[in-house]
1. Tell me, which residue of the range A:12-29 that is more than 10 Å from chain B (Cβ to nearest Cβ) and within 22 Å of residue B:125 (Cβ to Cβ) is surrounded by the fewest Cβ atoms within 10 Å (Cβ to Cβ)?
2. Picking from A:93, A:78, which residue would you name as being closer than 22 Å to residue A:49 by Cα and crowded, with 21+ Cβ neighbours inside 10 Å?
3. Can you name the number of the only condition in (1) part of a helix (DSSP H, G or I); (2) modelled with pLDDT of 95 or more; (3) facing chain A (nearest Cβ under 8 Å) that residue B:123 fails?
4. If you take the residues of the range B:74-93 that are out of contact with any helix residue (DSSP H, G or I) (no Cβ under 8 Å at 6 or more places or on another chain) and not in a loop (DSSP other than H, G, I, E, B), which of them is nearest to residue A:117 (Cα to Cα)?
5. When the residues of the range B:32-52 are filtered to those that are closer than 28 Å to residue A:120 by Cα and within 13 Å of another protein chain (Cβ to nearest Cβ), which remaining residue is farthest from the chain's Cα centre (by Cα)?
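The values are calculated or read from the model by the stated rules, or taken from the named source; none is laboratory data. Source: prediction; values computed, not measured. Ideal geometry is used to build each Cβ from the backbone, glycine not excepted, and the neighbour counts take in all protein chains shown.
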């Protein structure tokens, strides 16, 4: 039985190529390519250009989502990849994104979402209360 | 000077009311209300109903994003709130969402995004390499 429902990887890209972080068409294309590299199924995507700079974007995938927020003024991008599929290769997406944005450094951390043990515990406790 | 560019709060809602987790109109309305409760500026939103059940949704806000993924079969919702604004009250959104989904239990954890010290360190190292 699976232990968790999904995992969310927070990817921080430092020292990126500044111009790429403010190029909406490039970011849109790169994020979709990252989703494909991870073997995700793309459902919808939306990207927004902020004034004077910075882009936010989301790719809704069957496996959950891939999001990005960029700070061209700091050469920085914050990405997160949420997947509920064990087949999806989020590490491949991370490697692809680090290279695409020409990041000098990347830091990633993965966070488990939805503990099956906790789901069972809360459910058992609700049944207990219902019967009391 | 600020220490980080943003923060991302992972909110896990356990023991939610099952029917609410598969009601797209309710979730859309609830997520937009949560954004308003947090004083976020809504830019765009998108929600997707999966078959046979489960909903994924994203609210793009000027401050970053609020995302949700629901598992009605497990009474569980995974939400994350990313804000780069100190004015935005993400805790208010968390409280609002917990009540709206009638969650028996919530667990939240906040993750810092984009360390200013690290941005400076990487930038200094790039300048150094450039001059060598």
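1. Per the criteria, the residue is A:19.
2. Matching residue, one of A:93, A:78: A:78.
3. Unmet for residue B:123, out of (1) part of a helix (DSSP H, G or I); (2) modelled with pLDDT of 95 or more; (3) facing chain A (nearest Cβ under 8 Å): (2).
4. Selected residue: B:78.
5. Result: B:51.
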